[in-house]
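Below you'll find the structure, written out as structure tokens, and then a few comments.
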Amino acid sequence: KLHNTILELKGNIRVFCRVRPMLNDQEHNGSEANHVSYPAATEFLGRGIDLMHKEKKHSFTFDKVFDHEASQESVFVEISQLVQSALDGYKVCIFAYGQTGSGKTYTMMGRPEEPEMKGLIPRSVEQIFEVSQTLLSQGWKYKMQALMLEIYNETVRDLLTSKSNSRDLGKQLDSIRNGNPSDLTVVDVRSIGEVSYLLTQAAQSRSVGKTQMNEQSSRSHFVFILRLYGVNEGTDQQVQGVLNLIDLAGSERLDKSGATGERLKETQHINKSLLSLSEVISSIAKKDDHIPFRNSKLTYLLEPCLGGESKTMMVVNISPEESSSGESKCSLQFASKVN
Ligand code: ADP
Ligand code: MG
């Protein structure tokens, strides 16, 4: 469109699959452990993945499959164009989907303090700021704003407020969507460091909830929104891009032993909002007339950035353990529905 390469996507939705390593790989140290663990659970074929579940093989195909050895860098390389298109004024959404423990947060945040292990969020922020610097010479000046929120049981919470008990902003989604929320913190950010600081603040704000509320962080969606307002001082062109990076709530189903009370309510809310997300994404892919954005807070919040000219990518995270094969199968089925 403007200064970046136009993305060649088949449709505007891409789905990647990523299988994390066995967590005790370091201890086992070497291929022997992998040999025992991997062929039992998965087999990698580049774009395809075969999953063994109850002695049956299930095959799936995605835009890309990353195996347990894929580095954070190699995953980022595949999405960096998509991220960069936000500087052209595109609306971009990147989701991490999967059961708790499958590597969603590792994929999105990684371990930001270790350069090799930085995830998609810090890498995306770095790229956006670095590229925006190089665009200065072409007359482009960007103003950027960061918002961070959490959606838990269909309530929406600001993660950047200092108020210890921030209230539900669920009723204000319209003003958040329109760009001028009165109660949600919107921070003007001028550097990578400022965004990193906010991400740390948001993570702390989430973990406060965690001790109070039954590992809330795995039961809630984390949404990071970076808004980019670009003006070209030479040509007067203007662009407004948005980058939405979302670490979704764990997709695990209710265990058959029967959860009750709060846990049951949580799971129902999560299932509802993940289902609604898959319905929205698949009806966008099918170019349906009616897209059911209003069925969940998450899809309603993201409506302006889903569909139309916008670009969506989902990373489906999979655990390699045989004991997770049932959940893995569900995740892969979910992902192939939206693909
Ligand atoms: P989730 O957010 O889906 O619950 P996490 O991202 O917290 O899962 O991952 C669970 C554990 O596995 C963490 O200790 C994380 O560091 C580790 N992990 C996940 N993916 C990878 C990976 N690709 N390489 C190395 N460690 C990983
Ligand atoms: Mg997580």
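Pairs 91/265; 91/297; 91/286: which are spaced more than 23 Å apart, C-alpha to C-alpha? Pairs exceeding 23 Å: 91/265.
In the stretch 13-338, inverting the average of 1/r over every pair of distinct C-alpha atoms gives 20.5 Å as the Kirkwood radius. When 187, 338 are compared by accessible surface with a 1.4 Å probe, the order from highest to lowest is 187, 338. Principal axis analysis of the Cα atoms in the stretch 287-339 yields extents of 39, 20, 17 Å, listed in decreasing size.
Taking a straight line from the alpha carbon of residue 329, these aspartates and glutamates sit under 18 Å away, with near neighbours fewer than eight places off in the same chain left out: 43, 50, 55, 63, 67, 252, 255, 321.
Is the stretch 218-339 best put as rounded, prolate or oblate by its Cα gyration tensor, with a ≥ b ≥ c the root eigenvalues, rounded for a/c under 1.5, and otherwise prolate when a/b is larger than b/c, oblate when not? Taking the square roots of the gyration eigenvalues as a ≥ b ≥ c, the stretch 218-339 is prolate.
The residues of the stretch 239-339 present an accessible area of 42 Å² per residue when probed at 1.4 Å with all protein chains retained. Listed by chain and number, the aspartates and glutamates whose alpha-carbon sits under 17 Å from that of residue 141, ignoring those within fewer than 8 places in the same chain, are 88, 126, 130, 188, 233, 236.
Taking amide H as placed 1.01 Å from N in the peptide plane, the amide H of residue 156 sits under 5 Å from that of 169, 170, each at least 5 places away or on another chain.
Extension gain for the segment residue 61 to residue 143, taken as residue separation times 0.36 nm less the Cα-Cα distance, is 25.6 nm to one decimal.
For the stretch 13-338, the fraction of 1.4 Å probe accessible surface lying on carbon and sulfur atoms is 48 percent. Computed with a 1.4 Å probe on the full set of protein chains, the accessible area for residue 118 sits at about 40 Å².
FRET efficiency for the residue 192 to residue 237 pair, using the beta carbon distance and R₀ = 30 Å, is estimated at 0.75.
The values are calculated or read from the model by the stated rules, or taken from the named source; none is laboratory data. Note that this is a predicted model, so its numbers are computed, not measured. Every residue, glycine among them, receives a Cβ derived from its backbone with ideal geometry; neighbour counts consider all protein chains shown. Remember, those area values only see protein heavy atoms, side chains included, never the ligands or the DNA or RNA. Shrake-Rupley method; radii C 1.70, N 1.55, O 1.52, S 1.80 Å.
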